[in-house]
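A.B. asks: Here it is: the structure, laid out below.
Bear in mind that the values in this text are calculations on the coordinates, not laboratory data. As the structure is a prediction and not an experimental result, all values here were calculated from the model. Positions of Cβ are generated from backbone atoms using ideal geometry, with glycine treated the same way; all protein chains shown enter the neighbour counts.
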Amino acid sequence: MKARILVVEDEDLIRRGLVDALAHREYAAHGVADGETAVQQAKAGGWDLILLDVMLPRLDGFSACRRIRDLGLGTPILMLTAKDAEDDKVRGLEAGADDYLTKPFGLKELIARVEALLRRARGHAARPAVLRLHGAEIDLGRRVAIHAGREEPLTDREIDLLCYLHERADRVVTRNELLQAVWGYAAGVQSRTADIHLVKLRKKIGPDAVETVRGKGYRARPA
């Protein structure tokens, strides 16, 4: 079955170009032009991935992303932005995006990011049903974290991150290793992406499930 991809871009030429390029790679792509429609489409369900531009009419990409996550949807979201400022990348990740791509970008890079996100989403089926961490349970089937009697929805990227750490709980995992394994970054790339995700994750799973080892990286604390 073809993966279904929602393309959210207000510029007609870019939107049509992205839809055509994805269709050429045998994805079932559909385009919409504003953030409100994107949220409605996401709520209707059936999407395997959302490409979400930041600068949108009616509702900007950051707000649309946050509303999609507030609906409890874990659909992978790749944000497309013309802004290269670190603060904008942080805002996107904090809103719940799984990854971001800065314009202008090459088609090969876009397809590589799309395929990586889809592979990760498909890989979730082979994982155990529940991860048990100190103070939290991660229900992978329902894609939620359970902590202090509350349930919080998790994105695909957050699940990937927790699973990677949980599988290596016997050692410290460095930031660079996380960036390469979970985000697909090249070796040596410097980024705050992993730190930002973990700050947000701790609001969902509590402060004790993942330990920060100063100057080295992170270590999961199984229950």
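A.B. asks: Where nothing but the Cβ of Lys and Arg (+1) and of Asp and Glu (-1) is charged, how large is the charge dipole of the chain around its Cα centre, in debye to the nearest 20?
C.D. replies: The calculation lands at about 680 debye.
A.B. asks: Nothing charged except the Cβ atoms of Lys and Arg (+1) and of Asp and Glu (-1): what's the magnitude of the dipole of segment 144-199 about its Cα centre? Round to the nearest 20 debye.
C.D. replies: 200
A.B. asks: To the nearest 0.05, what FRET efficiency results for F105 and Y164 with a Förster distance of 35 Å applied to their C-beta separation?
C.D. replies: The pair F105/Y164 has a calculated efficiency of 0.85.
A.B. asks: If you don't mind, there's one more thing I want to ask. Would you kindly state how much longer the chain becomes between A23 and L71 on full extension, computed as 0.36 nm times their sequence separation minus their alpha carbon distance, in nm to one decimal?
C.D. replies: Here the answer is 14.5 nm.
A.B. asks: List, in the order given, every pair from K2/K108; K43/K108; K103/K203 whose Cα-Cα distance in the structure shown is over 21 Å.
C.D. replies: K43/K108; K103/K203, as the Cα separations exceed 21 Å there.
A.B. asks: Can you tell me the mean projection area, over all orientations, of the convex hull of segment 164-211's alpha carbons? Units nm², please.
C.D. replies: Spelled out: convex hull of the Cα atoms, projected over all directions, averaged, 3.4 nm².
A.B. asks: How would you classify segment 1-79 from its alpha-carbon gyration tensor, with a ≥ b ≥ c the square roots of the eigenvalues: rounded for a/c under 1.5, else prolate if a/b is greater than b/c, otherwise oblate?
C.D. replies: oblate
A.B. asks: Additional query: So if we plug the beta-carbon distance of S191 and E151 into 1/(1 + (r/R0)^6) with R0 = 45 Å, what FRET efficiency do we get, rounded to 0.05?
C.D. replies: 0.90
A.B. asks: [x] 50, 37, 32; [y] 87, 40, 28; [z] 45, 43, 31: which one is Cα extents along the principal axes in Å as calculated from this entry?
C.D. replies: Answer by label: [x].
A.B. asks: Percent relative contact order of segment 1-127, based on C-alpha pairs within less than 8 angstrom and at least six residues apart?
C.D. replies: Dividing the mean separation by the residue count of segment 1-127 yields 21 percent.
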